[in-house]
Amino acid sequence: MNAPAEPIVAASIQRLARLHAVQREAFAQERFPSLDARRDRLSRLLALVTENEDAVVAAIDADFGGRSAHETRLGELMVTASGIRDTLRHLAAWMRPRSVPTPVSLLPGRGEIVPQPIGVVGIISPWNYPFQLALVPVAGALAAGNRALLKPSELTPRTSDLLAELVGGRFAEDEFAVVTGDADVGRTFASTRFDHLFFTGSTLVGRHVARAAAENLVPVTLELGGKSPALFDDSADWRLVVPRLAVGKLFNAGQTCIAPDYAIVPAARRDAFVASLSAARARLYPTLAVNPDYTAIVSERHYKRLAALVADARRKGAVVIEVNPAAEKLDAARRKFAPTILVGVTDDMAVMQEEIFGPLLPVETYDSLDEAIARIDARPRPLAFYWFGRDAARRERVLRETIAGGVTINDTLLHFAHEDLPFGGIGDSGIGAYHGERSFALFSNEKAVFHQSRLSPARLLWPPYGRTFERVFAILRHL
């Protein structure tokens with residue numbers, strides 16, 4: 001760390017400690033916010049999203065050095081606003097205590113589950129969707145009646161600063177606040193004694209966050225990533241589904257945690273698949289260099305990382321196919337990376353060991369479904385899985401025998417957009433799920449409450465034990 005940055009980091013860390021204390025005190029004074037209070041906070045969050053579209057688009061575009069405005073509007077603003085509106089519609093029902101069936105042995109008592117706010121929630125958000133992946137968890141935390149502190153990514157500083165400004169203009173510090181800063185601030189944030197810590201990012205950093213939270217026994221949700229496979233059955237309609245794969249892979253130039261990370265296709269159809277994919281990509285992005293629809297890679301470091309993955313694969317025998325329809329010379333300074341297909345990949349290639357997070361698609365082949373399933377299951381469990389085909393029996397077998405956080409059939413990404421589906425990973429791809437009611441439940445303590453009746457027969461089991469106990473116990477043990 002260079003010397004001029006040290007006072008800034010120290011100030012951010014001091015501000016974090018102060019805000020955490022302020023929010024803890026505010027929660028102590030309002031442990032169960034009313035429905036109206038929660039709706040008010042969510043409505044202000046929704047207004048923040050809907051009334052600042054141009055500023056958000058401009059900030060993210062500047063951070064990426066070229067981010068499609070349409071992708072920002074669709075993948076950041078619309079998704080976030082839709083999630084908040086869904087929460088506002090259902091919040092009253094989610095807040096109600098839920099009755100549960102009571103066993104005969106406990107009648108005439110009754111049981112219920114009472115959702116209770118947990119306190120101060122810490123949220124660490126990533127750079128790839130710096131607006132949506134920051135505010136969607138915040139919406140869940142506020143809906144559940146909590147206070148929220150957000151640490152956005154230092155890799156998208158303009159968006160992070162904009163978030164801090166917009167949030168500061170609509171929320172009191174003791175409701176919801178933003179703490180900006182570098183990795184040192186992030187480490188301190190992860191070590192803070194929150195009541196729940198929510199992290200979205202890489203598996204590597206997620207391990208560090210989990211360790212830091214464990215020191216304080218802070219519950220964590222980890223939304224990570226991994227290598228999400230796209231398995232093509234021989235029954236797939238190539239003309240229908242290959243363009244859908246191309247769209248999902250190249251949205252945000254592949255910088256999406258649930259982007260298809262590699263394709264597995266029948267060996268006999270590999271060449272037809274590659275030709276179809278190349279043609280689909282050329283139709284979607286006929287030019288690249290100054291095409292406003294095609295997003296740049298977020299930083300020079302990530303651009304060089306992608307170039308190194310391609311170089312390593314080529315050196316180890318992969319066939320590299322760049323889809324550059326206009327045969328443009330791409331300036332590395334603009335960080336527009338051509339969509340690239342890698343054929344003949346092997347497990348020793350770095351591109352098959354790391355999450356790609358870019359517009360590279362390795363293509364593997366298989367001769368039998370047994371082989372394809374075994375290969376997928378031998379790898380760390382992915383955040384997403386995609387299956388393409390029309391054979392229902394084979395589809396159901398694949399769904400039963402592969403494990404992933406979420407699945408979309410005959411398309412990509414869309415399970416993420418469904419508010420009533422939980423979104424989250426498993427194993428290396430994450431811990432816990434959110435979206436919709438799952439977000440509300442995630443940030444709530446589902447308190448178990450039993451109401452005993454005035455006429456309770458439980459006294460028949462009290463000491464001193466004797467004949468009455470034995471008779472009642474003989475009945476209860478068989479219920």
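The values are calculated or read from the model by the stated rules, or taken from the named source; none is laboratory data. Bear in mind the structure is a predicted one, so any value in this text is a computation, not a measurement. Don't worry about glycine lacking a Cβ; one is built from the backbone with ideal geometry, like all the others, and counts go over all protein chains shown.
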Completion exercise
Scanning segment 347-376 residue by residue, those more than 30 Å from residue 304 (Cα to Cα) and either surrounded by fewer than 18 Cβ atoms within 10 Å (Cβ to Cβ) or not assigned by TED's automatic domain parsing to the domain that holds residue 317 (or both) turn out to be 367, 368, 369, 370, 371, 374
Fill in the blank from the handout: When (1) within 13 Å of residue 361 (Cβ to Cβ); (2) touching a residue at least 40 places away in the same chain (Cβ under 8 Å); (3) over 28 Å from the mean Cα position of the chain (by Cα) are applied to residue 249, the one that fails is (3)
Handout entry: Elements of type helices (runs of 4 or more DSSP H) contained in segment 382-479, each with 1 or more residues being hydrophobic (A, V, I, L, M, F, W, C) and farther than 30 Å from residue 237 by Cα
Key = 436-442, 467-476
Problem - Residues of segment 435-457 that turn out to be in the same structural domain as residue 141 (by TED's automatic domain parsing) and farther than 19 Å from residue 98 by Cβ, as a count - result: 1
Handout entry: helices (runs of 4 or more DSSP H) within segment 7-101 that include 1 or more residues within 26 Å of residue 179 (Cβ to Cβ) and hydroxyl-bearing (Ser, Thr, Tyr)
Key = 35-50, 69-72, 79-95
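Scan 165, 154, 173 and give me the residue that is among the acidic types (Asp, Glu), outside any strand (DSSP E or B), surrounded by fewer than 23 Cβ atoms within 10 Å (Cβ to Cβ) and without any contact (Cβ under 8 Å) to a residue 12 or more places away in the chain.
Details: 154 fails: without any contact (Cβ under 8 Å) to a residue 12 or more places away in the chain; 173 fails: without any contact (Cβ under 8 Å) to a residue 12 or more places away in the chain.
Every option except 165 fails the conditions.
Out of everything in segment 218-246 that is over 20 Å from the mean Cα position of the chain (by Cα) and of a type in the set (Gly, Ala, Ser), what residue ends up being surrounded by the most Cβ atoms within 10 Å (Cβ to Cβ)?
Keep residues of segment 218-246 that are over 20 Å from the mean Cα position of the chain (by Cα), which gives 231-244, 246.
Pick out the ones that are also of a type in the set (Gly, Ala, Ser) and you get 235-236, 246.
On the way: 235: 13, 236: 22, 246: 26.
Per the stated criteria, the residue is 246.
Pick out the one residue from 180, 192 that is part of a loop (DSSP other than H, G, I, E, B) and under 20 Å from residue 28 (Cα atoms). Walk me through how you get there before you give the answer.
Working: 180 fails: under 20 Å from residue 28 (Cα atoms).
One residue alone meets the criteria, 192.
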Handout entry: Subset of segment 89-128 (residues that are crowded, with 16+ Cβ neighbours inside 10 Å and touching a Gly at 6+ places or on another chain (Cβ under 6 Å))
Key = 117, 126
Practice task
Evaluate the following for residue 386: is it touching a residue at least 60 places away in the same chain (Cβ under 8 Å), of a type in the set (Phe, Trp, Tyr) and farther than 30 Å from residue 265 by Cα?
Solution key: no
